[in-house]
1. Considering only DSSP states other than H, G, I, E and B, which trypsin sites (Lys or Arg not before Pro) in the range 5-109 qualify as loop sites with at most 12 other Cβ atoms within 10 Å?
2. Based on the Kirkwood radius over alpha-carbon pairs, what value in µm²/s does the Stokes-Einstein equation return for the translational diffusion coefficient of the range 79-193 at 20 °C and 1.002 mPa s?
3. Which ³J(HN,Hα) values, rounded to whole Hz and listed in residue order, are derived for the range 166-183 from phi using the Karplus coefficients 6.51, -1.76 and 1.60 in 6.51 cos²θ - 1.76 cosθ + 1.60 with θ = phi - 60°, glycine and proline given as x?
4. Tell me which of Y180, A135, A166 sits at the most positive position along the dipole axis of the range 61-191, charges placed on C-beta atoms (Lys, Arg +1; Asp, Glu -1).
5. Within the chain, which is the longest segment containing none of the GluC sites (Glu not before Pro) that sit in a DSSP loop and have at most 15 other Cβ atoms within 10 Å?
6. With springs only between Cα atoms under 10 Å, which of I179, I126, I105 fluctuates most in a Gaussian network model of the chain?
7. Relative contact order for the chain using alpha-carbon pairs under 8 Å, separation at least 6, rounded to a whole percent?
8. Which value, in debye to the nearest 20, gives the size of the charge dipole of the range 61-191 about its Cα centre, when Lys and Arg are +1 and Asp and Glu are -1 at the Cβ?
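What follows draws every value from the coordinates through simple rules; no lab data is involved. None of these values were measured; they are calculated from a predicted model. We place every Cβ from the backbone using ideal geometry, glycine too, and count neighbours over all the protein chains shown.
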Amino acid sequence: MKHVSKILHSGHTVFTYDFLQDILGISNKNTLKGIVKTLLKREVLVKIHPGYWGLPWYHQEEFASKLKSPSYITCETVLQQEAVIFQDYSSSTTLVWTNTTTLKIGKHSYHYRKMKYEILLDPLGIKKTKTRRVATKERAICDMLYYVTEYHFDHIGVIDKDLMKALAILYPSTTATAIYSLIDKEALINSKF
């Protein structure tokens, strides 16, 4: 089926009606609904959430990014991936968005934390891929300090201090102070070795 090929070659794993219309080139909604129904029956697509379908191996981060926009993946999700914190957060994805909400789908939770709009939209320290936006380690650290200025990080490792200083300007003064304090603390620890 040519539709399956287009879906598989799109580079995405999560789809909405509008997105499927674009990649399949189908403008008639009834035709598209029939195709989606067929793809669900053949298990080419699975229903994730009302209005969202995915390939059976869909990426949870891609779904989370498409569900609430504008948003980006950050905090515990990135910090665990970067080995800055050691707690297991594999059953959840944390993002920032314009509001705070949590959504549980199956065994996975999606946590959206409210972020000031000006900070949310600033691209500094955000990696953009075809399917999602993800904070760098430095941006995720700054975001975490935005929510908890005394947050304990298990292992900061090597950080781009210049990027951290540039990011500090985006945040309120209490967060910026915590960022500068962390940079100074890490410089002191690293100078002892």
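1. Values: sites: K6, K29, K33, K37, K41, R42, K47, K66, K68, K104, K107; in loops: R42, K68, K107.
The qualifying sites are R42, K107.
2. Details: Rh = 15.0 Å.
Approximately 142 µm²/s, per Stokes-Einstein.
3. In residue order, the calculated couplings are 5, 5, 3, 5, 6, 9, x, 4, 5, 5, 4, 4, 5, 5, 4, 4, 5, 4 Hz.
4. Comparing the listed Cα positions along the dipole, A135 ranks first.
5. Details: sites that count: E43, E150.
The segment 44-149 is the longest one with no such site.
6. Comparing I179, I126, I105 in a Gaussian network model of the chain, the most mobile one is I105.
7. On the way: 265 pairs, mean separation 30.1, N = 193.
For the chain, the relative contact order is 16 percent.
8. Values: 17 positive and 15 negative charges, 131 e Å.
Rounded to the nearest 20 debye, it is 620 debye.
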